[in-house]
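Here the structure is laid out as structure tokens; the discussion comes afterwards.
The values are calculated or read from the model by the stated rules, or taken from the named source; none is laboratory data. Quantities reported herein were computed from a predicted structural model and do not represent experimental measurements. Positions of Cβ are generated from backbone atoms using ideal geometry, with glycine treated the same way; all protein chains shown enter the neighbour counts. We work out accessible area using only protein heavy atoms, side chains counted, and drop any ligands, DNA or RNA first. Shrake-Rupley method; radii C 1.70, N 1.55, O 1.52, S 1.80 Å.
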Amino acid sequence: MKKIFLLGSAFFAFLITSAQVGINTETPTTTFQIEGKSPATRVEGAIVPRYTGDQVYEMPIYPGAPNQVSSVSKDNEANLVYVTSAAAAAVNIKGERGEFLTTTGFFFWDPNGGNADATSPTGKKGQWRRLFVASRTASGNDGVVKVNSGVGGAKPTLILGPAGNTYGPPQQVLYTTPLVFADFPTTSWPENTVPYPGITTNIYTGTTAGTQRWRENPIEGQVHIWRLLVTIKAGNNSNGSVKATFLNPDSGFEINSIALIPSGTSGLSKPLTFYFYTIADPQSIPEGKGYQLFLESDISSTITVDSFTRISLFKD
């Protein structure tokens with residue numbers, strides 16, 4: 001025990017008296033420098049403390065935390081940890097310290113983030129922010145999710161017809177789940193933690209026509225582009241068009257996109273493309289909210305949905 005104590009004392013004395021410390025190098029150029037061995041014959045690197053999101057949220061680092069003075073917020077600026085699992089949704093409150101603890105990854109303490117707090121030495125509540133990802137709004141903004149089909153490769157097929165000289169009744173595009181997504185890099189989830197082959201509920205929820213919803217990447221104010229690709233086989237060569245409607249049934253927000261049916265479509269499959277733009281807001285983000293997709297035609301036709309793609313544009 002005495003030898004261990006002496007060795008530990010000598011080590012800490014070295015840290016105190018030495019201006020620079022190096023591992024695998026005798027000439028460190030910074031306060032603390034680690035050099036990996038080449039070639040690597042074992043696992044190299046550095047591991048920071050690992051905690052669940054809930055444990056990080058409860059860490060006594062923020063102003064007014066149990067057994068801590070208010071200045072701890074500034075003293076612990078840039079404290080780094082690795083989060084192994086997301087914190088409970090109840091703590092992901094906008095402007096509060098747990099707002100961004102929604103995923104795994106490296107997180108650091110920012111005493112200057114969050115809502116105003118007059119009791120804090122920085123004037124802010126402080127927040128845990130994700131490293132390597134822009135997290136002023138949330139972690140993981142931009143990305144693409146392309147839906148190739150429903151379970152087992154099943155693609156929605158609709159038989160549409162006119163009502164006199166105008167569009168016939170709209171039909172809802174419904175998938176059997178779980179969805180099948182395009183491979184990476186075509187599909188690059190904006191959430192950054194979604195494993196292949198993807199999580200259906202991050203873009204599509206509901207099991208019936210009434211409850212089915214297409215979901216945005218849930219970052220308020222983020223812009224999304226939706227691209228619908230279909231093939232159409234018309235029953236005759238008459239001129240006509242197909243109208244696609246993207247509708248939020250809860251708010252009444254609606255977007256229409258119309259594509260003309262190509263000539264020579266009778267008996268042949270022809271492609272049609274539709275685009276929609278949405279902005280995530282409190283009427284579309286909450287659980288159970290979102291959009292529904294409908295198609296209608298002014299001539300008799302059969303439509304197969306080839307793919308539906310959501311593009312989450314970067315926001316900050």
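R0 = 35 Å: FRET efficiency of GLU77 with THR25, Cβ-based, nearest 0.05? Each step should come with its number before you reach the end.
Values: r = 28 Å, r/R0 = 0.79.
Efficiency at R0 = 35 Å is approximately 0.80.
Which log10 I(q)/I(0) values, to two decimals, does the stretch 163-221 give at q = 0.20, 0.24, 0.29 Å⁻¹ under the Debye formula with one point per Cα?
For the stretch 163-221, the Cα-only Debye profile gives -0.85, -1.05, -1.27.
Under the 0.36 nm per residue contour assumption, what length would be gained going from the current alpha-carbon distance of ASN256 and THR273 to full extension?
Contour length minus the Cα-Cα distance gives 4.9 nm.
Solvent-accessible area per residue for the stretch 152-199 at a 1.4 Å probe radius, Å²? Intermediate results must be reported in sequence, preceding the final value.
Working: 2760 Å² over 48 residues.
With all protein chains present, the stretch 152-199 gives 57 Å² per residue.
Past 32 Å, Cα to Cα: identify those pairs from LYS94/LYS243; LYS94/LYS155; LYS270/LYS315; LYS146/LYS233; LYS37/LYS125, in the order given.
LYS94/LYS243; LYS94/LYS155; LYS270/LYS315; LYS37/LYS125
Can you tell me what percent of all Cα-Cα pairs in the stretch 219-290 are more than 18 Å apart? It would help to have the intermediate numbers written out before the result.
On the way: 1269 of 2556 pairs.
Beyond 18 Å sits 50 percent of the P(r) for the stretch 219-290.
About its Cα centre, how strong a charge dipole does the stretch 86-188 have in debye, to the nearest 20, once Lys and Arg get +1 and Asp and Glu get -1 at the Cβ?
Around 80 debye, computed over the stretch 86-188.
Short version: what are the Cα gyration tensor semi-axes of the stretch 205-251, square root of 5 times each eigenvalue, largest first, in whole Å? Walk me through the intermediate numbers first.
Numbers: eigenvalues 172, 46, 21 Å².
After scaling each eigenvalue by five and taking roots: 29, 15, 10 Å.
Ranked highest first by the average count of other Cβ atoms within 10 Å around their residues, in what order do 86-96, 42-52 fall?
Taking the mean over residues of other Cβ atoms within 10 Å, the ranking is 86-96, 42-52.
Given 5 Å bins starting at zero, what is the percent of C-alpha pairs of the stretch 152-302 in each, up to the one with the largest pair distance?
All Cα pairs considered, the percentages come to 2, 9, 17, 20, 19, 15, 11, 6, 2, 0.
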